[in-house]
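These notes concern the structure reproduced below.
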Amino acid sequence: MSLPLDVCIRGAGIVGRTLALLLARERLRVGLVQSPAPPVGHSDVRAYALNARSKSMLEALRAWPDAAHATAVLGMEVHGDDGGQVNFQAAQEQADALAWIVDVPALEQRLADALRYQPQVELLAEPQPAPLTVVCEGRASATRAEFNVAFDVNQYAQVAIAARFDCEKPHGQVARQWFADGDILALLPMGGAAGNSAALVWSVQEARASALMALTAAEFEARVEQACAQALGKLTLASERAAWPLQLARAQRWCGPGWVLAGDAAHTVHPLAGQGLNLGLADAETLATELRGREYWRSVGDVKLLRRYERSRKAAVLAMGLATDGLQQLFARHEEPWTALRNWGMRGFELSGPLKHWVARQAMGKL
């Protein structure tokens, strides 16, 4: 018969698995409710940009992917729609990398491997009672309704399209992003330091998304090459395409007696800054820290304890949400003077010195 659980985590995605490993290190008995298996034949084309804080935590859990599946970003180019441009360099920030582009299936496999050697974690087919339930089910969480939590959603009129490409030119460990006509296209370096593959994340207007998804591979390749000015030469589609609607969302409450939300179940932001998973992993780290430092007489499900976590994380998530939403709204405007204003702002930011350095360090998780 299994021992009683201290914590039951609903949702075994990246945030849920990471939290389970963190709590197991604190000698807590953790039940991890496994997520539904993907459809047969489905391939996951997602890639995430992870910062130094996330990397350090995953390395400590022995769950960081190998170099072929975690490509260090040494430079970043951001192109406006009328000549504005911003460049970041890891060397200028005295850092090993600005971020690491991580292959999602590889990261999930490393986390799964780590869990197999962690006796404090029990994999569950369905939820079980515990003093604390942590909801990590993602933005479509069904458990939020059980706790009567409202989820405030602002739907963007955009859809994200993701895919993988083999590129004629090596990426040079540079992440590239283009803002044009309300769309945001990013090509993220993959395959290691000498790689010539890239992950595409293309945020496009809803009206265009269906047409782009319906294009043949050759037609889609041509559209992406045109949008990125053939920065990496000829592009060859190396995966299926995936698409999902974009939103800015926050739960009105993140905790209550015996339960708490983390990751996308609590908040989502626009992917243009590549900070979504970093926010979720910081949730896991902060919650584990609060549980470790609790008073000896306080239960893991004590609402006062959980509110410390909520207060700590809400501020950081709100700031990132406002920043990404502001940028999305700014580049969604086509009329003057907005085009001239935003490109003027990009050029000024490129020359701003301390401000640019502060933003870079913030994104890198160094502050």
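The values are calculated or read from the model by the stated rules, or taken from the named source; none is laboratory data. None of the values given here were measured: they were computed from a predicted structure. Glycine also receives a Cβ, built like all others from the backbone with ideal geometry; neighbour counts cover every protein chain displayed.
Any idea which residue in the range 150-190 is nearest to HIS267 (Cα to Cα), counting only those that are outside any strand (DSSP E or B) and at pLDDT below 95?
So the residue we want is ALA150.
Considering only residues that are under 19 Å from the mean Cα position of the chain (by Cα) and either assigned to a strand (DSSP E or B) or modelled with pLDDT of 95 or more (or both), which ones fall in the range 76-103?
MET76, VAL78, ALA99, TRP100, ILE101, VAL102, ASP103 - these are the residues of the range 76-103 that are under 19 Å from the mean Cα position of the chain (by Cα) and either assigned to a strand (DSSP E or B) or modelled with pLDDT of 95 or more (or both).
Any idea which of ALA315, ALA284 is at pLDDT 95 or above, small (Gly, Ala, Ser) and assigned to a helix (DSSP H, G or I)?
None of the other options fit; the residue is ALA284.
Exactly one condition in (1) among the acidic types (Asp, Glu); (2) modelled with pLDDT of 90 or more; (3) surrounded by fewer than 19 Cβ atoms within 10 Å (Cβ to Cβ); (4) touching a Pro at 6+ places or on another chain (Cβ under 8 Å) is false for GLU59; which is it?
It is condition (4) that GLU59 fails.
How many residues does the range 194-225 contain that are without any contact (Cβ under 8 Å) to a residue 12 or more places away in the chain and either more than 20 Å from GLN158 (Cα to Cα) or in contact with a Ser or Thr (Cβ under 7 Å, 6 or more places away or on another chain) (or both)?
5
Tell me whether the range 44-55 contains one or more residues that are assigned to a loop (DSSP other than H, G, I, E, B) and closer than 23 Å to ALA231 by Cα.
Yes; the residues of the range 44-55 include at least one that is assigned to a loop (DSSP other than H, G, I, E, B) and closer than 23 Å to ALA231 by Cα.
Give the range 287-306 a look and list any residue that's assigned to a helix (DSSP H, G or I) and in contact (Cβ under 8 Å) with a residue 12 or more places away in the chain, or say none.
LEU287, ALA288, GLU290, LEU291, ARG292, VAL303, LEU305, LEU306
Among what's in the range 139-177 and is surrounded by fewer than 17 Cβ atoms within 10 Å (Cβ to Cβ) and small (Gly, Ala, Ser), pick the residue that is nearest to LEU111 (Cα to Cα).
ALA140
Could you count how many residues in the range 64-73 are aliphatic (A, V, I, L, M) and either surrounded by fewer than 21 Cβ atoms within 10 Å (Cβ to Cβ) or in contact with a helix residue (DSSP H, G or I) (Cβ under 7 Å, 6 or more places away or on another chain) (or both)?
Qualifying residue count, the range 64-73: 3.
Among strands (runs of 3 or more DSSP E) lying entirely in the range 200-278, which contain 2 or more residues that are surrounded by fewer than 23 Cβ atoms within 10 Å (Cβ to Cβ)?
Fully inside the range 200-278 and qualifying: 235-237, 242-251.
Can you name the number of the only condition in (1) over 30 Å from ALA251 (Cα atoms); (2) of a type in the set (Lys, Arg); (3) in contact (Cβ under 8 Å) with a residue 24 or more places away in the chain that ARG144 fails?
(1)
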